[in-house]
Structures are given as C-alpha cells and as structure tokens.
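Everything below concerns the one structure shown next.
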C-alpha cells in the first residue's frame, strides 16, 4: 500500500526543511531556537525528527520565527509545491482527535473591558483557565485574551478568545496586541489595542482594523509592548 509511505515521505521532507530553516536563521541547535522563542524543546524536536507531522498552524509559527514563508516549510519551493500537493491528495486526510489539539490544564485567560477611543483595559486577574492549545504548549508567558468589540471582525469577533504568543517577533499582516506597558505585572491594569500590523519603523507602527476599515500610524513609544496573536477559540454564538 503506497499511502503510508507517501505520508511518511512528506513528514520527513517537512522536518528536513524545518531543520534547514532553523540553521539558516542562525540557530545552531534546536535548543538555541527554543530558548529564543520560548518553545517546548521536546515538542519542537518531535517536529524536526519527523516523529510528529508539521501541520499548517504550527508551521506558520516556526516560519515567522525563522523568517521564511510557511509554504516553504510545508511544500518546499514554489516550483515543487504542486507536486507535493498532488502527492498529498493521493491519500485520505487523517482526522486529528480533539485530545491531540489540547494539552494539560492551567492555560490562563484574561478579560478586557472597553475603554475610550476603542482601547481595551486589560485586567491583571486571571478570569479562568483551560487546557493548553497545542500551538502554545510549553510557551513561557502564553495566554488567552477575551476579545471585546468587533473592530477586528471577521477575524476576531466580540467574545472570541485570542491565543497570544508573547515571544514571537513582530510580523507583517498579522494581528497583534499592543500594550502601553508590559501586562499582568505590578503596574496594574494595562491599556491595549488589538490590530493588524502592516509595517513598522523605529518611530511608528502602521496598523489597521477591519470594521470599519481603517489604516493609520501610532507611536511605538505609546505602545512599547507588542504580542503576536497566533489563533483563537471562537465564542459560542
């Protein structure tokens, strides 16, 4: 039967490309990369060794950290991508059990309240905990944030829980949480905005919201802390 062999080959090819991307980004060992980005070493090594398959959502995180397109990790060069896609379509997709999508309990969730001028007021208190999402398993300082308002709909709606990775570098055309000072510390409540980051300079961020559509610049000095959102749990509607 060819299907298991094809699946194994694709898994191994993705693992090899992940190793190459890490080395090209200047991280000699997997441990170096995990220390830099706050990843769980065992989880990451399972991807590099092809013990675990590299899925799209996780590939996006690694790709952003190593400065390559996620498609390169998943499919190789653009020239080889169609062939990979054809091979992938040769076998039936596997359904991932729900138990594999979440880990241990204790993932902290914080609440926000609507402030003036569309800003959010983030409490220092954990309002609840849940099981850790796989993409954030072992990430130091990761957290969930309950979204207030619909300025980022349809990407993030009121009541959704944003999954936040504070260790990832800024990335263009990705949604981030911008804080007026580091959150959840002794300084108390923080003011924040959730917006899509288009570009940045030493002085400004260029950001956008989706509802209503708007693009503008803000001073980095006003929002010195920036955390990347890597996913969400949709609110029950």
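The values are calculated or read from the model by the stated rules, or taken from the named source; none is laboratory data. Remember, it's a predicted structure, so these values are computed and weren't measured experimentally. Glycine gets a Cβ as well: all are built from the backbone with ideal geometry, and neighbour counts include every protein chain shown.
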Any chance residue 174 is within 17 Å of residue 216 (Cα to Cα), modelled with pLDDT under 95 and either surrounded by fewer than 19 Cβ atoms within 10 Å (Cβ to Cβ) or more than 19 Å from the chain's Cα centre (by Cα) (or both)
yes
Restricting the search to the stretch 111-141, which residues are in a loop (DSSP other than H, G, I, E, B) and touching a residue at least 40 places away in the same chain (Cβ under 8 Å)?
115, 119, 137, 138, 139, 140, 141
Determine which single condition residue 203 fails, assuming it passes every other condition in (1) in contact with a helix residue (DSSP H, G or I) (Cβ under 9 Å, 6 or more places away or on another chain); (2) free of Cβ contacts under 8 Å to residues at least 40 places away in the same chain.
(1)
All positions within the stretch 177-212 that are surrounded by fewer than 18 Cβ atoms within 10 Å (Cβ to Cβ) and within 22 Å of residue 139 (Cα to Cα)
181, 182, 185, 186
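Select the helices (runs of 4 or more DSSP H) contained entirely in the stretch 21-68, then report the ones holding at least 2 residues which are touching a helix residue (DSSP H, G or I) at 6+ places or on another chain (Cβ under 9 Å) and farther than 23 Å from residue 175 by Cβ.
Filter on the stretch 21-68 gives 30-37, 41-48.
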